[in-house]
Amino acid sequence: MKVSTRWLSRYLDIRIGEEELCEVFTSIGLEVEWIEHIGTARQKTLVVGEIKEIRQHPNADKLSVCAVCVGPNDTRQIVCGAKNFKLNDHVPVALPGTILPGDFKINKSNLRGVDSDGMMCSSKELGLGEDHSGLLILERNTPIGTCLHDTIDVNWDTIFNLSLTANRGDCLSHIGIARDLAAKLNVALKLPQIHGVEVSEKERPKGHFLEKISIETDNCGCYVAICVKNVKIGDSPNWVKRDLAAVGVRSISNAVDIGNWVMMETGQPVHIFDAKKIRGNQLTIRQARDEETIISLDGQKRMLSGDMAVICDMERPLVVAGITGSVDAEVDDNTMDILIESAYFNPDSIRRSAKTLNISTESSYRFSRDIDKANIANYGVRVANLMTEICGGEIVAACWKVDNLGEKTIVIDFQPSLIGELCGFTILLEIAENILIKLGFLIEKSSAENWKITVPAHRPDIACASDIVSECLRIYGTDKIPTTPTKCTGIHHESDPSAVFCQNASNYLSGQGFFECYNFALRNGNEIKNFFGENAALSVRNPFNADQNCYRSSLIPGLLDAIKFNIQNGNLDIKFFETGHVVLRVDEKFNECLAIGCVMPIKPLERSWQLVEAADFYDVKALILPILKNFSQRLAQFNPIKISNIWQPEHAACCGFLNREKFQATCGFLNINLTKAFDIKQYVLAAEIMIHPAIFGRKPEKVSHKPFSQFPRISKDLSLIVKLDEPAANIEGKVMKAAQKSILNDVFIESIKVFDVYQGKEIPDGTKNIGLTINYRSHGRTLIDSEIQAAFNAMQSEVEKSYEIRKQS
């Protein structure tokens, strides 16, 4: 946001210098990115001179040598290349030592063998405009030798370019900036006088250009239309051009410039219609129809979609609401009757539409950050007042306002003692009250301890008592916080078990060929609800960005963004991981949990002469098992996922529960619909481990070590017919229990492993054959095959209660 100090001086007295003003801006949260100067600073060496003599330069056909009087008994010889002057003309003269715009310093010089003691100046050289075709010729009655600043407006101005946070839409105007400065400097705020125009909300005002205004979309909360007739379109006055140029806005015509000037003054975007180009004398604010088109003011044909709001006459859309107008109702040199629009549009709708159309305008920038809902009509009238003053028009009828917003004021119960509680020191109540009043808050005191504070409409970011305390402290000054000793107990990174765990996990995954990502912890609330359920989203009360308004419930969407971005930019090495925090519901309460997530395609996307086998569920499961061993040496089994919007059913599995084991691990293929939503055409394998903070407070499991057996093992094979959907882990568990029941005390089951899975001939439909190897061993002796066979037979008898044993033929 560019802010002109000359423009600000209309609304308050600024009696501090440039450097101090810069410090004030920063202290109240308005960061100054850079400062620039316009025009020429006041200097004693920049004076009015009179040309007393003109002669041809002896060594240059295009140069003249002039004798210029710049004061009593002070005539200078100046070489000049301009041709538009004559004898006795009065011109601006920059004497040696003068610094012109662009840090151009004037010195005595020698031009083609002739001395020159200064420079006669054009408008461009003084920073007064773009004209450099000749000298700036002054009035003949301008006193010779006087400072140029005392005779003409040299347009000296300091421009502050401010970086504003997204919640400070009220500071996208000179009045908004002036309001904050007035509170900080404790000076009066001088608001412009707006001449009263009757406002009609219930019915069409008599004599109005429009017969009907209809709002057919929730994305328009209020629409105001004001008629001005018999205007004369032409150039804007110099002061309007100067102000607009100072803040980077191009002058177009007086009518359009007035709308832009008021937007920069108040923060309220307006649109100026040529009233005679509105067909049917009717405006409808509705959602655009898919593939409806409009030719915007920059001459480009724009394809609209159904999520964009438009303003239409009886035949066609004339404006993309809050973003850009069209050539169909554009003001031109023949315009005589004008319709002024001042409205309120939904910030989220404007933000999405501007992004889709790839258009960023001063109007959309303000609407997307919210505007002052209470003064929509007043600021429209401000435009009409200036229109009649500058363009010579006449306001017709009353201001027609169609309002669906209603009166929605925010009143906050506030205890002044809260200032001391939150700030840690006391601000005098008289000072705090004065600050709030100057910022536009209304205070009603039911008692000294209880205030009711009405939040001004231009501050929609203020929602609670702590916000009010923040405003008091911001203006009072954080530099006034008293110095007090503080004690805090620090914890070293290596002493925090969760930090050590994350670092170890990061090192491990990096060693497996994954690249680490860092994503924002906030995601779009609709995305979270679509993929994780309505109750999964923990929303932020006052988000900086509507697309990042909820705390993430998973790392997977952010990692998919990374895959999509890298594929689009030609980087095909897309094995990514992230460690971070997520918010999940555990026992119906939101808990912040640590999370580790990783994603990878089933095959490398880079072409290679080598044949690479596709990765599968077992690869990604094996990847995360070493991480899970940090929590338990005996992991619960992985159970197939039946229904999920994130994971592909029957091709992903889950282990553990946050409310019981305090961790939950999921791995496998991501849901195809999810990857399609991110425009990813490849199958993606992923894993995610959620860890409850309570797990790091547990005592580590005691691990006992035993020597390896020096005696040989005996292996027995078992073939079972089981249901097709039964997990192997279930089968292994039941066989292990049966085997342990049947063995002698000095014998142990070393392992049970699946060595074969078969479906097909001789296997009934809906079943599969699974082959297992049971390994028996003893620590103290060599096992005898007959005793193991007896134990194996006993085990089979037990297993037959659950499964059919397939006999070998």
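For region 159-186, the residues whose amide N sits under 14 Å from a probe point set 7 Å from the Cα of I437 along the beta carbon direction are 183, 186. Rounded to 0.05, the FRET efficiency of the K44 and T478 pair, given R0 = 41 Å and the Cβ-Cβ distance, is 0.50. These residues, F520, F345, go from largest to smallest accessible area, 1.4 Å probe, as F520, F345.
Taking R0 as 45 Å, what's the FRET efficiency between E527 and Q637 from their Cβ-Cβ distance, rounded to 0.05? In this case the efficiency is close to 0.90.
Full extension of the chain between D785 and T5 yields a length gain of 270.9 nm, computed as 0.36 nm times the residue separation minus the alpha carbon distance. Using the rule -39500 (n - 2.57) for each DSSP H run of four or more residues, divided by the residues of the chain, the 222 nm mean residue ellipticity is -7000 deg cm²/dmol. DSSP bridge analysis restricted to the chain gives an antiparallel fraction near 95%, rounded to the nearest 5. Working from label points 7 Å from Cα in the Cα-to-Cβ sense, the E444 to Q282 distance is 4.3 nm. Using a cutoff of 8 angstrom between alpha carbon atoms and counting only pairs six or more residues apart, the relative contact order for the chain works out to 8 percent.
For region 38-95, carbon and sulfur atoms together expose 51% of the accessible surface, with a 1.4 angstrom probe and every protein chain in place. Please compute the contact order of region 619-695 in relative form: average sequence separation of alpha-carbon pairs under 8 Å and at least six residues apart, divided by the residue count, as a percent. Taking the mean separation of contacting Cα pairs over the length of region 619-695, I get 27 percent.
Sequence-distant contacts, meaning Cα pairs under 8 Å at least 6 residues apart, place the relative contact order of region 598-654 at 21 percent. Considering only A738, I805, F792, the residue lying farthest towards the positive end of the dipole of region 727-809 is A738, judged by Cα position with unit charges set on Cβ. For the pair region 539-616 / region 458-515, the C-alpha centres are spaced 24 Å from each other.
Ranking P192, P237, P205 by how far each Cα lies toward the positive end of the dipole of region 169-245 (charges on Cβ) leaves P237 at the top. The share of alpha-carbon pairs in region 585-666 lying farther apart than 20 Å comes to 46%.
Taken about its Cα centre, the chain carries a charge dipole of roughly 1640 debye when the Cβ of each Lys and Arg holds +1 and the Cβ of each Asp and Glu holds -1. Label separation (M736 vs R55): 11.3 nm, computed from points 7 Å beyond Cα along the C-beta direction. For region 436-521, the list of trypsin sites (Lys or Arg not before Pro) that fall in a loop by DSSP and count at most 13 other C-beta atoms within 10 angstrom reads K487. How large is the translational diffusion coefficient of region 112-266 in µm² per second when you combine the Kirkwood radius over alpha carbon pairs with Stokes-Einstein at 10 °C and 1.306 mPa s? My calculation gives 76 µm²/s for D.
Counted residue by residue at 0.36 nm each, then reduced by the alpha carbon distance between them, the extension gain from T75 to N745 reaches 229.0 nm. Neighbours of F532 by Cβ distance under 14 Å: Lys/Arg scored +1, Asp/Glu scored -1, total +1.
Note on K676: lysines with a C-alpha under 16 Å away, same-chain residues under 8 apart excluded, are K564. Once the 1.4 Å probe is applied to the protein heavy atoms, region 461-572 comes out at 58 Å² accessible per residue. Between T388 and D153, the C-beta separation translates, for a Förster distance of 30 Å, into a calculated FRET efficiency of about 0.75. Summed over all non-identical Cα pairs, the Kirkwood treatment of the chain gives a radius of 34.1 Å. Here the 3J(HN,Hα) profile of region 110-116, calculated from phi with Karplus coefficients 6.51, -1.76 and 1.60 at θ = phi - 60°, is 10, 10, 6, x, 10, 5, 10 Hz, Gly and Pro shown as x. Enclosing the Cα atoms of region 396-459 in their convex hull gives a volume equal to 124 cubic angstrom per residue. Phi-derived couplings, Karplus 6.51 cos²θ - 1.76 cosθ + 1.60 at θ = phi - 60°, listed residue by residue for region 743-749: 9, 6, 5, 8, 10, 9, 8 Hz, with x used for Gly and Pro. Compared with the direct C-alpha span, the chain from N161 to A622 gains 160.5 nm at full extension, assuming 0.36 nm per residue. Spacing of the modelled spin labels on I295 and F565, each 7 Å from Cα toward Cβ, amounts to 4.0 nm. Within region 342-414, the GluC sites (Glu not before Pro) that combine a DSSP coil assignment with at most 12 other C-beta atoms in a 10 angstrom radius are E407.
Each part reduced to its alpha carbon centroid, region 359-434 and region 139-166 end up 31 Å apart. Reducing region 180-230 and region 652-687 to their Cα centroids gives an inter-centroid distance of 53 Å. Each Lys or Arg adds one and each Asp or Glu takes one away; over the other residues whose Cβ falls under 12 Å from the Cβ of P456, this sums to 0. Between the residues T426, T454, V540, the greatest Cα displacement towards the positive end of the dipole of region 410-549, with unit charges on the Cβ of Lys, Arg, Asp and Glu, is found for T454. Per residue, the solvent-accessible area of region 95-157 (1.4 Å probe, heavy atoms of protein chains only, all protein chains present) comes to 56 Å². For K452, the lysines whose Cα comes closer than 19 Å to its Cα, not counting residues fewer than 8 places off in the same chain, are K408, K438. Sequentially through region 80-88, phi angles give Karplus couplings (6.51, -1.76, 1.60; θ = phi - 60°) of 9, x, 6, 10, 8, 10, 9, 4, 6 Hz, Gly and Pro residues having no value and appearing as x. Largest first and in whole Å, the equivalent-ellipsoid semi-axes of region 103-185 read 40, 17, 12, each the square root of five times a Cα gyration tensor eigenvalue. Of the chymotrypsin sites (Phe, Trp or Tyr not before Pro) found in region 575-650, those that fall in a DSSP loop while having at most 12 other beta-carbon atoms within 10 Å are W609.
The values are calculated or read from the model by the stated rules, or taken from the named source; none is laboratory data. Worth saying up front: this structure is predicted, and the values here are computed from it rather than measured. Don't worry about glycine lacking a Cβ; one is built from the backbone with ideal geometry, like all the others, and counts go over all protein chains shown. Only protein heavy atoms, including side chains, enter the accessible area calculation; ligands, DNA and RNA are left aside. Shrake-Rupley method; radii C 1.70, N 1.55, O 1.52, S 1.80 Å.
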